[in-house]
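Chemist: Just passing along the structure, written as C-alpha cells.
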Ligand code: PEP
Ligand code: MN
C-alpha cells in the first residue's frame with residue numbers, strides 16, 4: 001500500500017508512474033506522441049471552418065479545434081453558433097478525418113456537444129467549476145483542461161483530480177498563460193508548468209501560446225519553448241482571414257503562416273524524440 005499525502009491522488013505519478021497516452025480517433029497524445037491542434041477561436045461559417053480544417057490537414061495537424069460555445073468577457077461580444085457550429089465542425093471532420101476539440105460551458109449542453117465532439121475542452125474560466133468538472137468526469141470522451149487564469153499548478157491538478165475521480169481517466173492539461181503584472185502579453189506563458197506538471201503527474205501536457213500571449217508574432221517562439229520543455233502538444237489559433245475573425249484575430253495565424261509554423265514546430269518535436277500523430 002502507498003500512502004498518498006498530496007491533495008490529489010489519481011493524477012499523481014506516485015499512483016500511476018507511466019505516462020498516460022490518449023487515443024482520439026487514432027491520433028495519440030501523451031508519452032512520445034505529440035498532437036498539433038489548431039483551428040479558429042470560434043466557428044463562424046461553414047466555409048470558414050472548412051477552409052481552416054483543410055489548412056490544418058494540409059499542414060500535417062492532428063486535430064481541429066474550434067469554439068461553438070464561447071466564454072466571452074463581454075456579454076455583447078459574439079457568443080458562438082452553438083449546435084449549428086458543431087454541425088459545421090462535424091462536416092469538416094467528415095471531409096478531413098480530423099478529430100474535433102470544442103469547449104463546453106454549461107452541463108446542460110453536454111449531451112448535445114457529445115454527439116459531435118471528440119475531445120471536450122474545459123476553458124480557463126471554468127477550471128474550478130467543480131460541478132462541470134464532475135459532469136465531464138462521467139462522460140466517455142477525453143477532456144482538455146485549461147489552466148485557470150490565476151490558478152496555481154496544484155489547483156490545476158486538483159481540478160483534473162475531480163474529473164478522474166468520477167471515472168474519466170483521459171485528461172489533457174493545457175498551459176494557456178496566467179495573469180501577472182506584465183501587460184506586454186495578454187497573459188504570461190508559464191513554461192515551467194510543463195516540466196513541473198510532468199514530474200508530478202502522468203497526464204499529457206500541452207501549451208497554448210495563442211491565448212498565453214494574444215500576439216501572433218509570439219506564437220512560434222513560445223511554442224518552441226514549450227516543445228523544448230517537453231510539451232506533448234500545442235494548441236494554436238488559425239483563421240482563414242485573421243483580420244476578419246469575430247474572436248481573437250490578433251493572435252490567429254493565417255493558413256500560410258500556419259503551414260510555415262507547422263514545419264518549424266515539427267523539426268523541434270522530432271528533436272525531442274516525439275512523433276506527431
Ligand atoms: C479558447 O480556447 O478559445 C479560450 C477561450 O481559451 P481560455 O479558456 O484559455 O481563455
Ligand atoms: Mn480564442
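All of the numbers you see were taken from the coordinates with simple rules; none came from a lab. Please read these numbers as outputs of a predicted model, since none were measured by experiment.
Chemist: Give me log10 I(q)/I(0) at q = 0.09 Å⁻¹ for region 18-148, Debye formula, one equal scatterer per alpha-carbon, no solvent.
Modeler: For region 18-148 at q = 0.09 Å⁻¹, log10 I(q)/I(0) is -0.24.
Chemist: How big is D for region 1-60, in µm² s⁻¹ as a whole number, if Stokes-Einstein is applied with the Kirkwood radius of its Cα pairs at 20 °C and 1.002 mPa s?
Modeler: 144 µm²/s
Chemist: Roughly how compact is region 208-277, stated as its Cα Rg over 2.2 N^0.38 Å to two decimals?
Modeler: 1.09
Chemist: For region 242-277 and region 110-129, write down the distance between their C-alpha centroids in whole Å.
Modeler: First find each Cα centre; the distance between them is then 23 Å.
Chemist: Could I ask something else about it? Please build a GNM for the chain, connecting alpha carbons under 10 Å apart, and tell me which residue among 161, 175, 46 fluctuates the most.
Modeler: Answer for the Gaussian network model of the chain: 46.
Chemist: If you take the alpha carbon radius of gyration of region 109-257 and divide it by 2.2 N^0.38 Å, what ratio comes out, to two decimals?
Modeler: With N residues counted in region 109-257, Rg over 2.2 N^0.38 Å equals 1.04.
Chemist: With viscosity set to 0.890 mPa s at 25 °C, what whole-number translational diffusion coefficient in µm²/s follows for the chain from Stokes-Einstein and a Kirkwood radius over Cα pairs?
Modeler: The calculation lands on 134 µm²/s.
Chemist: For the chain, what's the relative contact order in percent, using C-alpha pairs closer than 8 Å and at least 6 residues apart? Can you show the working numbers first?
Modeler: Details: 622 pairs, mean separation 59.0, N = 277.
Normalised by residue count, the contact order of the chain is 21 percent.
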